[in-house]
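The values are calculated or read from the model by the stated rules, or taken from the named source; none is laboratory data. Just so we're clear, the structure is a prediction, and the values are computed from it rather than from any experiment. Here the Cβ is made from the backbone with ideal geometry for all residues, glycine too, and neighbour counts use every protein chain on show.
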Amino acid sequence: MIDTQDVKIESKRLLKEYFGYDSFRPLQEEIVTHIMQGSDCLVLMPTGGGKSLCFQIPALMLDGITVVVSPLISLMKDQVDGLNANGIPAAFLNSTLSEEEESNIMQRCRIGEISLLYVSPERITRSFEKIFGMLNVALLAVDEAHCISSWGHDFRPEYQQLKWIKHTFPNMPIVALTATADKTTRNDIISQLGLKNAKTFLASFNRPNLSLEVRVGVGAKDKDREIVDYIRSRKNDSGIIYCMSRKSCERLSKKLNTKGIFSKYYHAGLSASEREKVQDDFINDRTSVICATVAFGMGIDKSNVRWVMHYNLPKNVEGYYQEIGRAGRDGLPSDTFLYFNLGDIITLRKFAEESGQVALNLEKLAQMQAFAESDICRRKILLSYFGEFLEEDCGNCDVCKNPPKKFDGTIITQKALSAIMRTKQMVSSQLLIDILRGSEKREVLEQGFHRIKTYGKGRDITEEDWKQYLRQMMHLGLIEIAYDRNNALTATSLSKKVLFDDQKVELVRLVAPEIRKQRFKVTYTKEQAQKSQPWNQLFEYLRKWRVEMAKVKGIPPYLVFNDATLRDIAMSRPESSIDLLSISGVGKVKFDAYGESILEEINKFKQAGRKTTTTYQLTYDLYKKGYDVNMIGQLRGMNVMTVYSHLAFLYQQGYAIDPFKYISKEDVKQILEAVQKTGERVQTKPIYDFLRGEVDYYCIRLSLAYLSKEGKI
Ligand code: ADP
Ligand code: ZN
């Protein structure tokens, strides 16, 4: 029997030493303790919730190896790199390794040099004997565990092999982890993996830092214009636009490029090396915008994706949730948008009808559509899909920001619930509506449903409206769909209060589609406030330092420090090692690797700040007094080009400088074209050369400042 108190103290120490974090997130500590007691469990946490720590901390404490099954090869490498960057000995086995590399890793495992071994599912099958027979395996972690279930949305046959592990090693604890699993899938995971007395840890799926916005019925042209405007307002931020087809990825990416937004596209039609390149550029902050099919992102653990858009309706809520979940993993505010047109439904219905599981996929699509069309807090709906009930409206979705009208829908809800109970929770929503509306269809009469008390009690409500109301009840957590019982509606425990205690239910008055559309006038207020924060300059400065560091180490920038940690550093401006070590995300190994360098960098920034303010300020004072550029140059002892550079800088910083004293609108137009053609936005020389020396350097410098300030490049 282990001492839970000891485990808690030790795991907290490891959390700070290796990961640099001061406290556990909800459930992490309980899960670690549970695993350390040698018990099985199922962990449900949203993407970015912090699943990995749940088995990584035990791996550091356990005597033996923790084997992690993970389906995605690129993610595996990423995770192992991340662990190594924190000083944790980890390795992976998958099809990209040569025999020699593999036996090398096995050897290191045997002599106890490795704490975590990541393995792809097909490798586990092949090397089952080798891994479990020859190594001292203390724990098995099954990541993306929903892949084992055919009820899930991402079934992978290789996962089924994992069933044998529990049979062969009944005493080895297993932890299964997933970010997406409805109740049916959850039970399936437990039974397929043969987990014993498994405890389920269900973390909140709420990701309050993600704003949610659905934009209904925006035409193609307006859609593109809105997207361009949005991205321009978020310069340097990383984002992903999910498109339905390969063709639309390419088209949109090209279109963005002509608008001076540098993007790349990604889909399964590209060669493996092309895909890797696009992904690599994104991870390393070389490309900030990617237009992609849903194939993109599975293998990406980038923590500073600031926005995600869906160019079309996704085919199910699980996928949507997972895709938007790629934004804001570092916990900082991030935006998500979903564009939805009825045409999307037609296309998606066709896909569903051609798929292997028609009924299931159509129902999932209907839920997705319901989310997009709903008039209640979007986060409530999203969470209800994962069996969670949010008490308060979220305040960070388009519906909350622009609320619709509500009315007392208690009686309507009671009618529906009562009909569900009287039909023994066996009927689908269509049949339920038929019963409520008193239909004389064969299915109704044959089963005697015309004799129940609620038959025909909802005649006054149209079929369309009933559908909407039932969806609202679903979103309120009052009813659920049992996918494994022909999509029958069931009443949840919450519904009892409505049926028996007369608890009030508020439903949303349905609005006509035209009115709904009007509400979607550009509601996003750009988070520009953040950009002008004083700490942001240091943040941008340290970002450059981070890119350099990452290059030297051969790892992605966010593995040096993630955005949240870098932001905290920029905000608190640490001056000593002790200050730096107290920041969340600065662990021992990272401190040793980067501490000195970053402290030096902060110091440099502070000094440069002092110097630059004075030199620029002097130029500005002279400008304000009305001196011309030549005169300022003479007075300051600098050449004219430097004076222009100062003016450009001051203008960009928001000082009252009028660039059109020196340049014309024509110049600006010409330079904008040159930027679009050359892809150069900062350096003047390439543009000068491109224009064959016909436009002066100072003109280029000032025009670039103007275009950048206006958000045109
Ligand atoms: P998931 O696997 O659930 O998608 P991760 O395990 O990758 O999520 O964690 C997401 C991010 O949150 C990572 O950058 C991780 O380092 C960070 N994180 C995890 N646990 C904590 C914690 N207790 N405190 C601060 N950050 C954490
Ligand atoms: Zn809301």
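A quick yes/no check of all residues on (1) surrounded by fewer than 15 Cβ atoms within 10 Å (Cβ to Cβ); (2) farther than 20 Å from LEU256 by Cα:
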| site | (1), (2) |
| --- | --- |
| GLY679 | yes, no |
| TYR688 | no, yes |
| TYR698 | no, yes |
| LYS709 | no, no |
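Taking the stretch 329-356, which residues are within 16 Å of ligand 2 (Cβ to nearest atom) and surrounded by fewer than 18 Cβ atoms within 10 Å (Cβ to Cβ)?
Once the filter is applied, which keeps residues that are within 16 Å of ligand 2 (Cβ to nearest atom) and surrounded by fewer than 18 Cβ atoms within 10 Å (Cβ to Cβ), the stretch 329-356 yields only PRO333.
Is there any pair with a first residue in the stretch 83-102 that is closer than 18 Å to ASP592 by Cβ and modelled with pLDDT under 95 and a second that is of a type in the set (Val, Ile, Thr) and buried (at least 19 other Cβ atoms within 10 Å of the Cβ) whose Cβ atoms are under 8 Å apart and which are 6 or more apart or on different chains, and what are they?
Sorted first by the residue in the stretch 83-102, then by its partner, the pairs are ALA85/VAL560.
Which numbered condition in (1) surrounded by fewer than 16 Cβ atoms within 10 Å (Cβ to Cβ); (2) modelled with pLDDT of 85 or more is the only one that ALA482 fails?
(2)
Which condition number does ALA327 fail, the rest of (1) more than 16 Å from ligand 1 (Cβ to nearest atom); (2) in contact (Cβ under 8 Å) with a residue 40 or more places away in the chain being met?
The failed condition is (1).
From the list ASP237, ASP280, ASP285, ASP224, which one is surrounded by fewer than 15 Cβ atoms within 10 Å (Cβ to Cβ) and either more than 30 Å from PHE55 (Cβ to Cβ) or under 18 Å from the mean Cα position of the chain (by Cα) (or both)? It would help to see each step written out before you state the result.
Numbers: ASP237 fails: surrounded by fewer than 15 Cβ atoms within 10 Å (Cβ to Cβ); ASP285 fails: surrounded by fewer than 15 Cβ atoms within 10 Å (Cβ to Cβ); ASP224 fails: surrounded by fewer than 15 Cβ atoms within 10 Å (Cβ to Cβ).
Answer to the check: ASP280.
Being at pLDDT 90 or above and aromatic (Phe, Trp, Tyr) is the filter here; which residues of the stretch 369-406 pass it?
PHE371 - this is the single residue of the stretch 369-406 that is at pLDDT 90 or above and aromatic (Phe, Trp, Tyr).
Within the bounds of the stretch 610-618, is there any residue that is in a helix (DSSP H, G or I) and within 16 Å of ligand 1 (Cβ to nearest atom)? Give the steps one after another, and end with the answer.
Just the residues of the stretch 610-618 that are in a helix (DSSP H, G or I), to begin with: 610-618.
If we keep only those that are within 16 Å of ligand 1 (Cβ to nearest atom) as well, we get none.
Checking the stretch 610-618: not a single residue is in a helix (DSSP H, G or I) and within 16 Å of ligand 1 (Cβ to nearest atom).
Here are ILE111, ILE124, ILE73, ILE105: which of them is at pLDDT 85 or above and surrounded by 15 or more Cβ atoms within 10 Å (Cβ to Cβ)? Let's see the steps before the verdict.
On the way: ILE111 fails: surrounded by 15 or more Cβ atoms within 10 Å (Cβ to Cβ); ILE124 fails: at pLDDT 85 or above; ILE73 fails: at pLDDT 85 or above.
It is ILE105.
Tell me which of these SER204 doesn't satisfy, since it passes every other one: (1) among the polar types (S, T, N, Q); (2) away from ligand 2 (no atom under 16 Å from the Cβ); (3) surrounded by fewer than 20 Cβ atoms within 10 Å (Cβ to Cβ).
For SER204, the exception is condition (2).
Can you tell me how many residues in the stretch 185-199 are surrounded by 16 or more Cβ atoms within 10 Å (Cβ to Cβ) and in contact with a helix residue (DSSP H, G or I) (Cβ under 8 Å, 6 or more places away or on another chain)? So that I can check it myself, show each step before the final result.
Step one: of the stretch 185-199, the residues surrounded by 16 or more Cβ atoms within 10 Å (Cβ to Cβ) are 185-190, 192-195, 198.
Restricting the remaining residues to those that are in contact with a helix residue (DSSP H, G or I) (Cβ under 8 Å, 6 or more places away or on another chain) gives 185, 188-189, 192-195, 198.
Result for the stretch 185-199: 8.
I need a count of the residues in the stretch 379-410 that are more than 8 Å from ligand 2 (Cβ to nearest atom) and at positive phi.
Qualifying residue count for the region: 1.
Looking at VAL67, VAL80, which is the one that is more than 28 Å from LEU210 (Cα to Cα) and among the aliphatic types (A, V, I, L, M)? Give the steps one after another, and end with the answer.
Numbers: VAL80 fails: more than 28 Å from LEU210 (Cα to Cα).
Matching residue, one of VAL67, VAL80: VAL67.
Looking at the stretch 679-690, can you tell me whether even one residue there is in contact with a Gly (Cβ under 9 Å, 6 or more places away or on another chain), over 26 Å from THR619 (Cα atoms) and of a type in the set (A, V, I, L, M, F, W, C)?
Looking for residues that are in contact with a Gly (Cβ under 9 Å, 6 or more places away or on another chain), over 26 Å from THR619 (Cα atoms) and of a type in the set (A, V, I, L, M, F, W, C), one finds none in the stretch 679-690, hence no.
Out of all the residues in the stretch 569-586, which are part of a helix (DSSP H, G or I) and either buried (at least 19 other Cβ atoms within 10 Å of the Cβ) or within 16 Å of ligand 2 (Cβ to nearest atom) (or both)?
Our first condition is that a residue be part of a helix (DSSP H, G or I); within the stretch 569-586, this holds for 569-572, 577-581.
ILE569, ALA570, LEU580, listed by residue number.
Could you identify the single residue in ASP154, ASP182 that is acidic (Asp, Glu), modelled with pLDDT under 90 and surrounded by 20 or more Cβ atoms within 10 Å (Cβ to Cβ)? Let's see the steps before the verdict.
Details: ASP154 fails: surrounded by 20 or more Cβ atoms within 10 Å (Cβ to Cβ).
ASP182 is the lone residue from the list that is acidic (Asp, Glu), modelled with pLDDT under 90 and surrounded by 20 or more Cβ atoms within 10 Å (Cβ to Cβ).
Working carefully through the options ASP667, ASP658, find the one that is crowded, with 18+ Cβ neighbours inside 10 Å and over 18 Å from TYR541 (Cα atoms).
Values: ASP658 fails: crowded, with 18+ Cβ neighbours inside 10 Å.
The match here is ASP667.
Okay, residues lined up against (1) under 25 Å from LEU135 (Cα atoms); (2) away from ligand 2 (no atom under 16 Å from the Cβ); (3) out of contact with any helix residue (DSSP H, G or I) (no Cβ under 8 Å at 6 or more places or on another chain):
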| position | (1), (2), (3) |
| --- | --- |
| GLY20 | no, yes, no |
| HIS34 | yes, yes, yes |
| LYS51 | yes, yes, yes |
| GLN56 | yes, yes, no |
| MET61 | yes, yes, no |
| VAL68 | yes, yes, no |
| LEU72 | yes, yes, yes |
| GLU100 | yes, yes, yes |
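Considering only the stretch 667-682, how many residues are part of a helix (DSSP H, G or I) and over 10 Å from VAL695 (Cβ atoms)?
Pass one, the stretch 667-682, residues part of a helix (DSSP H, G or I): 667-678.
Narrowing the set further to residues that are over 10 Å from VAL695 (Cβ atoms) leaves 668-669, 672-673, 675-678.
So the count comes out to 8.
Which residues, taken from the stretch 485-504, are within 22 Å of PHE407 (Cα to Cα), surrounded by fewer than 21 Cβ atoms within 10 Å (Cβ to Cβ) and touching a Ser or Thr at 6+ places or on another chain (Cβ under 7 Å)?
Within the stretch 485-504, LEU499, LYS504 meet the criteria.
Go through the stretch 1-36 and report how many residues are farther than 15 Å from ALA141 by Cα and away from ligand 1 (no atom under 15 Å from the Cβ).
Residues flagged as farther than 15 Å from ALA141 by Cα and away from ligand 1 (no atom under 15 Å from the Cβ) within the stretch 1-36 amount to 9.
Give me the residue from the stretch 42-78 that is more than 25 Å from the chain's Cα centre (by Cα) and not in a loop (DSSP other than H, G, I, E, B) and, out of that set, farthest from ligand 1 (Cβ to nearest atom). Let's see the steps before the verdict.
Start the filter on the stretch 42-78 by keeping residues that are more than 25 Å from the chain's Cα centre (by Cα), which leaves 58-67.
Going one step further and asking which of them are not in a loop (DSSP other than H, G, I, E, B), we end up with 58-61, 65-67.
Numbers: PRO58: 14, ALA59: 13, LEU60: 14, MET61: 16, ILE65: 19, THR66: 14, VAL67: 17 Å.
It comes out as ILE65.
Test each condition in (1) within 16 Å of ligand 1 (Cβ to nearest atom); (2) surrounded by 18 or more Cβ atoms within 10 Å (Cβ to Cβ) for ARG378 and report the one that comes out false.
All conditions pass for ARG378, except number (1).
From the list SER39, SER98, SER120, which one is over 30 Å from TYR321 (Cβ atoms), more than 15 Å from ligand 1 (Cβ to nearest atom) and of a type in the set (Gly, Ala, Ser)?
Values: SER39 fails: over 30 Å from TYR321 (Cβ atoms); SER120 fails: over 30 Å from TYR321 (Cβ atoms).
Answer to the selection: SER98.
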